[in-house]
Structure formats: C-alpha cells, structure tokens
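What follows is a single structure, written as structure tokens, with notes after it.
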Amino acid sequence: MIKLNRKYLVVFITMLFTCIGFTQEEEVKNEVEVEKKLDILFNSVIEMDIDKTIFTLSEGNSHFTENQKSGIVAMLAPSSFEKIEKELANEITQDKGSEILDKGELKNDGKRILFLKQSMEREGQIYYMLMFAKELNDEFTIMVTAIYESSKDATFKTYAEKAVRSAKIIEKE
C-alpha cells in the first residue's frame, strides 16, 4: 500500500477544492450572463420610424397593414454583427419556391446594415422578404424583416429601409 505524506495530501485536497470552486464560480458567471441577455431580449423595445397610416396594426415590435399581407417585424438577435455577417455571406441555399434576389450593405450614421432580399410564393402570389441586420454592439444585433407583395416593391422597400435606419433599442424599466 502506498503511504502518502500528510503534507502532499493536504496540498492535493486544497488544489482539488480550489479547482472545483473556480469551476462553480465560472458556471455562476455564465448563468448570470445568460439571464442578463434574456432580460435584455425580453425587456427591450425596438423603436422604429413606421408610417402608421400604412401599418395600422401594431403589437410590440410588429407592424402590419390592415389586410395583414405586408408587415415589418423587428427583433433583437443575441448574436454579434460579425457572426450574422458570416451567416448571411454563406446564405446561398434557397427554399422551394424562393429565390435570393439581392444582398449587400447599407451605411447609417457609421453603423453597418446588411440586407438580403428574397422572393417567395404565398397564396399564389409573389412576395418579397427583406431581412436587415443592423450593427448594435458586441453581443446583440437588431434584425428587421419586411414582407410585402412584389408589386409594391418600390414603396415598401422605402418603408423597410426607413424603419431599419431608425431602429434603436429602448430598454423597459
């Protein structure tokens, strides 16, 4: 049988408890960070310049026309702008009945805005979906999506760009 020196045993046990303590402290930090992000996600309002005469139905960060065929929806994505940029750059897959028409970048007061324009068929009609990703900070990106009938592209594209350019986070108290 191996005989352990008491001093080595005490050092080993101390190191073991220290490692366990640091691991638990790191887990607590991660839990706090996740709770903080969730709180920001669920308790933030995205304020945008929306034409209320066109988008008459509003609930939270969603705005729709009276017939609900067109709308602009905003959300906060818990992801960095750089990560979303990489995902959009690799976006080449197309769902059945949809086609990527355009993608690129806009500038707004020093902030970058990425966009992806896609066509899709719904109820026998062609619709366009514009997805925007607006740079916010290292942890979050503002996402704005507009869906509208393709025949109204010129008008609704302008509404969508105005909405994303003006989008800003208002945290609830």
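The values are calculated or read from the model by the stated rules, or taken from the named source; none is laboratory data. Being a predicted model, the structure only gives us computed values, none of them experimental. Positions of Cβ are generated from backbone atoms using ideal geometry, with glycine treated the same way; all protein chains shown enter the neighbour counts. We work out accessible area using only protein heavy atoms, side chains counted, and drop any ligands, DNA or RNA first. Shrake-Rupley method; radii C 1.70, N 1.55, O 1.52, S 1.80 Å.
Observations, loosely collected:
- Listed peptides 49-60, 158-169 appear in the order 158-169, 49-60 once ranked by packing, highest mean of other Cβ atoms within 10 Å at the front.
- Links that overshoot a 26 Å alpha carbon limit, given the list 52/134; 52/83; 52/103; 69/107: 52/83; 52/103; 69/107
- With all protein chains kept in place, the per residue accessible area of the stretch 47-159 amounts to 57 square angstrom at a probe of 1.4 angstrom.
- FRET efficiency for residue 38 and residue 99, using Cβ-Cβ distance with R0 set to 22 Å, rounded to 0.05: 0.05
- Residue 126/residue 83 FRET efficiency (R0 30 Å; Cβ-Cβ; nearest 0.05): 0.45
- Virtual paramagnetic centre 7 Å along Cα→Cβ of residue 169, amide N under 18 Å, in the stretch 124-143: 132-143
- Binning the C-alpha pair distances of the stretch 44-91 at 10 Å intervals from 0 yields a P(r) profile of 24, 36, 30, 11 %, listed from the shortest bin outward.
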